[in-house]
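The next block holds one structure in the form of structure tokens; read it before the comments.
The values are calculated or read from the model by the stated rules, or taken from the named source; none is laboratory data. Note that the coordinates shown come from a computational prediction; the quantities given were computed from them, not determined experimentally. Note that each Cβ is placed from the backbone with ideal geometry, even for glycine, and that neighbours are counted across all protein chains shown.
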Ligand SMILES: [Fe+2]
Ligand SMILES: [Fe+2]
């Protein structure tokens, strides 16, 4: 019964007739475990809303975001807030950002935003800041310190080189496999800001960083990479509990570096191959990561999704909501100090679609 | 016996004529130079680069390009074709899957197998996978 109902909901685009979403297996906040409380938040990322012409947008990417918003609206109990992880637009156009924000406006609850490279490199974040807000900021919620970074900056010499037009720059950065691209970075000015921001925070307060690019070095050719990742990691090192959640990679990744736990989030638009699928360059995908299933292109939404995140004892459990596929759950195992998939972490429990080549 | 001799002499004449023809038209079927090799490589790479451009441009009606899902043509697996594609229900060649992508995510019209654009796309896809052993049929 439960399985049928779930399958039904999944195939009908999150049945609007249902008042609760079937996987509200969220652990609700309980008090008395120190100052950091347990709570949940939702995470939607990489919508890549793409204008064709005028009011015409790519239907496939629209549907990904619309579906995520519809499903997230069925979460019960309501999450405390939502995060959007960047790449709302495909080519940073006003029309794309406006259209994306219009879809996002149907999401019930407070939404915070991270900027992605696809939102930034047309006008260097000008329209984004006028419509959405600052590109970096921090806030506190129920005893957890949250920091949002603009991690998709790059060398000034690349940003300001002689481009034919701002759109040429945008197109150069939008091309993931561009051999003339430029690595993402947080930059010295922002690192100084981050250092100051974190100085005020007690070392026992859990810290969660939101960024668009991974604050770790996985694969430079596709910018699954932040050039000054180690400098950000060094600022997080003194904290007892630190977590980084990032978008951009359109795939499931998780890792542990020292005290810092890393989680990626899925795209609503399309999946990206794991770097190991490109045979001409070496990659450093975290060994800990159990891959998402290989995408079935005949199911438009396969290998896309969104997530709800359980803040538990200051660490993060990520619940990947994957249309047309089995959901995945990656939780922080405090006994071994690493994130683990609850079903597939053991090699013997892994399945053939998780092998990418 | 007489018959055999006749066959022999006819064959001999044919052989002699062919040899003379070969000399007079200077056919050298199995010899090529370093310059030839370079030229053929350049010809191929020109088509690869053309394919790379097509792979990164809108081939359908909705501005979506192949590289949006397949950076460096990754996850296209040219080494596994021809293979059984369960959703199509038969063994298909790579160009048929390329056309599937052009028709569906790119919302465009399929290209004939021998279309220079299709050949360029296949050249780029295969070139990005160079060195990987063939595994026909592998899913
Ligand atoms: Fe993205
Ligand atoms: Fe991105």
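Below is a table of values for the structure above.
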read-out	value
Qualifying positions in segment A:48-83 - outside any helix (DSSP H, G or I) and either within 14 Å of another protein chain (Cβ to nearest Cβ) or within 12 Å of ligand 1 (Cβ to nearest atom) (or both)	A:48, A:49, A:50, A:51, A:52, A:53, A:54, A:55, A:56, A:57, A:58
Selected residue (only one of A:231, A:241 is touching a strand residue (DSSP E or B) at 6+ places or on another chain (Cβ under 8 Å), away from ligand 1 (no atom under 16 Å from the Cβ) and more than 14 Å from every other protein chain (Cβ to nearest Cβ))	A:241
Residue under evaluation residue A:266, criteria (1) within 15 Å of residue B:69 (Cα to Cα); (2) more than 16 Å from ligand 2 (Cβ to nearest atom), criterion not met	(2)
Segment A:246-260, residues that are over 17 Å from residue A:328 (Cα atoms) and surrounded by fewer than 24 Cβ atoms within 10 Å (Cβ to Cβ)	A:256, A:257, A:258, A:259, A:260
Matching residues, segment A:109-128, being under 19 Å from the mean Cα position of the chain (by Cα) and surrounded by fewer than 16 Cβ atoms within 10 Å (Cβ to Cβ)	A:109, A:110
Residue check for residue A:139: away from ligand 2 (no atom under 16 Å from the Cβ), within 20 Å of the chain's Cα centre (by Cα) and crowded, with 17+ Cβ neighbours inside 10 Å	no
Selection status of residue A:212, in contact (Cβ under 8 Å) with a residue 60 or more places away in the chain, within 14 Å of chain B (Cβ to nearest Cβ) and within 14 Å of ligand 2 (Cβ to nearest atom)	no
Evaluation of residue A:100 against (1) more than 14 Å from chain B (Cβ to nearest Cβ); (2) surrounded by fewer than 20 Cβ atoms within 10 Å (Cβ to Cβ) (one fails), failing number	(2)
Which numbered condition residue A:12 misses (of (1) under 25 Å from residue B:107 (Cα atoms); (2) more than 16 Å from ligand 1 (Cβ to nearest atom); (3) at pLDDT 50 or above)	(3)
Strands (runs of 3 or more DSSP E) fully within segment A:104-216 counting 1 or more residues that are within 16 Å of ligand 1 (Cβ to nearest atom)	A:111-113, A:207-211
Condition broken by residue B:97, with the remaining ones in (1) over 23 Å from residue A:64 (Cβ atoms); (2) under 16 Å from the mean Cα position of the chain (by Cα) satisfied	(1)
Any hit, segment A:85-94, residues being assigned to a loop (DSSP other than H, G, I, E, B), within 14 Å of chain B (Cβ to nearest Cβ), within 16 Å of ligand 1 (Cβ to nearest atom) and out of contact with any helix residue (DSSP H, G or I) (no Cβ under 6 Å at 6 or more places or on another chain)	yes
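Yes or no, residue by residue, for (1) surrounded by fewer than 19 Cβ atoms within 10 Å (Cβ to Cβ); (2) within 12 Å of chain A (Cβ to nearest Cβ); (3) assigned to a helix (DSSP H, G or I); (4) modelled with pLDDT under 95:
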{"residue": "B:39", "(1), (2), (3), (4)": "yes, no, yes, no"}
{"residue": "B:42", "(1), (2), (3), (4)": "yes, no, yes, no"}
{"residue": "B:46", "(1), (2), (3), (4)": "yes, no, yes, no"}
{"residue": "B:51", "(1), (2), (3), (4)": "no, no, yes, no"}
{"residue": "B:60", "(1), (2), (3), (4)": "yes, yes, no, no"}
{"residue": "B:72", "(1), (2), (3), (4)": "no, yes, yes, no"}
{"residue": "B:75", "(1), (2), (3), (4)": "no, yes, no, no"}
{"residue": "B:84", "(1), (2), (3), (4)": "yes, no, no, no"}
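For every residue, the table says whether it meets (1) within 12 Å of chain A (Cβ to nearest Cβ); (2) within 26 Å of residue A:58 (Cβ to Cβ); (3) assigned to a loop (DSSP other than H, G, I, E, B).
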residue	(1), (2), (3)
B:79	yes, no, no
B:88	yes, yes, yes
B:99	no, yes, no
B:118	no, yes, no
